[in-house]
1. How do the peptides 43-52, 227-236 rank, highest first, by the average count of neighbouring beta carbon atoms within 10 Å per residue?
2. With every protein chain left in place, what is the accessible area of D409 in Å² (1.4 Å probe, nearest 10)?
3. Taking the Cα atoms only, what angle lies between the long axis of helix 219-231 and the longest principal axis of the chain, rounded to 10 degrees?
4. If you plug each phi of region 408-414 into the Karplus form 6.51 cos²θ - 1.76 cosθ + 1.60 with θ = phi - 60°, what whole-Hz ³J(HN,Hα) values come out, in order, with x for Gly and Pro?
5. Which peptide among 107-116, 367-376, 29-38 comes first, and what is the full order, when sorted by highest mean count of other Cβ atoms within 10 Å?
6. Starting from the Cα of K154, draw a straight line to each of the lysines and keep only those under 30 Å, dropping any in the same chain fewer than 8 residues away.
7. For region 1-144, just say rounded, prolate or oblate: build the C-alpha gyration tensor, square-root its eigenvalues into a ≥ b ≥ c, call rounded for a/c under 1.5, and beyond that prolate if a/b exceeds b/c, oblate if not.
8. Per residue of region 445-453, what does 6.51 cos²θ - 1.76 cosθ + 1.60 with θ = phi - 60° give for ³J(HN,Hα)? Whole Hz please, x for Gly and Pro, Karplus curve as stated.
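The values are calculated or read from the model by the stated rules, or taken from the named source; none is laboratory data. Every value quoted in this text rests on a predicted model; they were computed, and no experiment measured them. Every residue, glycine as well, gets a Cβ built from its backbone with ideal geometry; the counts of neighbours run over all protein chains shown. Heads up: the accessible areas ignore ligands, DNA and RNA and are worked out on the full protein's heavy atoms, side chains in. Shrake-Rupley method; radii C 1.70, N 1.55, O 1.52, S 1.80 Å.
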Amino acid sequence: MLPLWYRNAIIYQVDPSLFRDANGDGRGDLQGITNRLEYLRGLGVTCLWLMPFYTSPFHDWGYDVADHLSVDPRFGALPDVVTLLEKAEELGLRVIVDLVVQHTSDRHPWFQAARSDRNSRYRDYFIWADKPEPTEVKPIFPTVEDSVWTWDEKAGQYYRHVFYSHEPDLNLGNPEVRVEIERIMDFWLRLGVSGFRVDAASHMIESAKQGDPTDGGFWLLNQMRRFVSRRRADAVLLGEVDVPPAEYAQYFGQGDRLTLVLNFWLNNYLYLSLVRQSAEPLARALAEQPVPPETAQYALWLRNHDELDLERLSESEREEVMACFAPDPEMRIYNRGIRRRLPPMLGGDPRKLALVHAVLFSLPGTPILRYGEEIGMGDDLSLPERLAVRTAMQWSDEHNAGFSTADPDKLAVPLIRTGPYGYPKINVYAQSLHDDSLLTKTGKMIRARLGLHEIGSGRCRAADVNCPQVLALRHELDGVAVVTFANLGPDDVEFEIHDEDCQHMTDVMADGPYDPPEGHPAHIRLRGYGYRWLRPRDKL
């Protein structure tokens, strides 16, 4: 069996528009990412998640794809992708890319041909109706779109779109559409990518189910996984699946569907635990989610490129989180989420930021860092909708944050220039000079995590330490136990752990020096917002 590389991977999410501008035109590009791959490797990252770089009108930040097999000129050309993949391979970095096939742009040649001729072979690539049909499908952006049906004058029919009206849904029940998807996956796999982040995976299942209700539409994931595995045995499918946790098992299958599932459930309860300064919500969420098959895994993150969607919480829990982290209406979006980055939500407190990073890397699953999280980048609430959290990477305090050499008025992407999160204060170069910076601490956490396969590959459960504010997790693999502690509150605490095989432990990683655990049961101390990871002394 091939090694399950993704179990102990550290994924770093990069938006090509926002990471680095190599040619000085004011936009990020592929060459800019290639030039910074050493930075990612030095941080400890093992896998790059590259967000859409395909040809697009860019009305939805590249998720409105007009050609899945070409590179948008704003980012470069196909040889630039090849160069990036070759450089990544030299550095030992894997690369996964977004697979956006739940919908296309309305500029896509398929849709243009479909709307022009009812007899076109492309007509059935999309979902049409003579009048808006009743459906359980609701608009993803309810404050922007009031229906999933839009009239097309040229086509003489309505077309369906779960997302924006300029993103018509593909008819995944059509075998010809699935052949096109296989062509797309085959193309990029042959170039050398290690898999795909499957955008809107749960909505894809709904579309497949309409075409063939067999197995609830999950046959689509079986087909995709078989195809990908035949082309590249170690390739992964990382699925965007925001559903109740009881449904996760269907997306994993028997380990023959999605390789990794983005765990929105745990993400929501992490924020509830932070608000309450209590481990109970997070421990409860861990206990209630299904255990993945042996060859599958959850993927975890702090913030992504969209809103912080809190739909997995109850109404009262959601309002509790909103009241704490988004007290002003401008901080909220789509009646369900928060459009802020994590550091402003935590008041920029460096202890809290380091603590939450430590929690991320201690949770069972594959951690994902979004660009800039390692330095504590902020947001810009003056920007519309989700764009508030999509600002340029801050490399230094030099011209345009070291992101671009273009004149400031030529920048095509936003940059935070002033305030506590402006690039003169928050940048990679400044933090690289200090041992106590978030960048340095994050690097230490990543390297510690990479050495602890018990967290990535073992079984995890909450440990009872009778201290409500402490998240205590026990990870076990091949008879070896690793324990991680995180104090979600501001006060110093002391507690005991009674597990017999956790009595002679030593620190692997911590927020600062601590005396070794003493006594039997082992006596543990944690500072306010402190964290410690320990493993048996005889297993170092």
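1. In decreasing order of mean packing, 43-52, 227-236 become 43-52, 227-236.
2. Approximately 130 Å² for this residue.
3. 80
4. Going residue by residue, I get x, 6, 9, 5, 8, 10, x Hz, with x marking Gly and Pro.
5. Put in order of decreasing packing, that is 367-376, 29-38, 107-116.
6. K131, K138, K209
7. Prolate, since a/c reaches 1.5 and a/b exceeds b/c.
8. Each residue's phi maps through the Karplus curve to give 4, 4, 5, 5, 4, 4, x, 10, 5 Hz.
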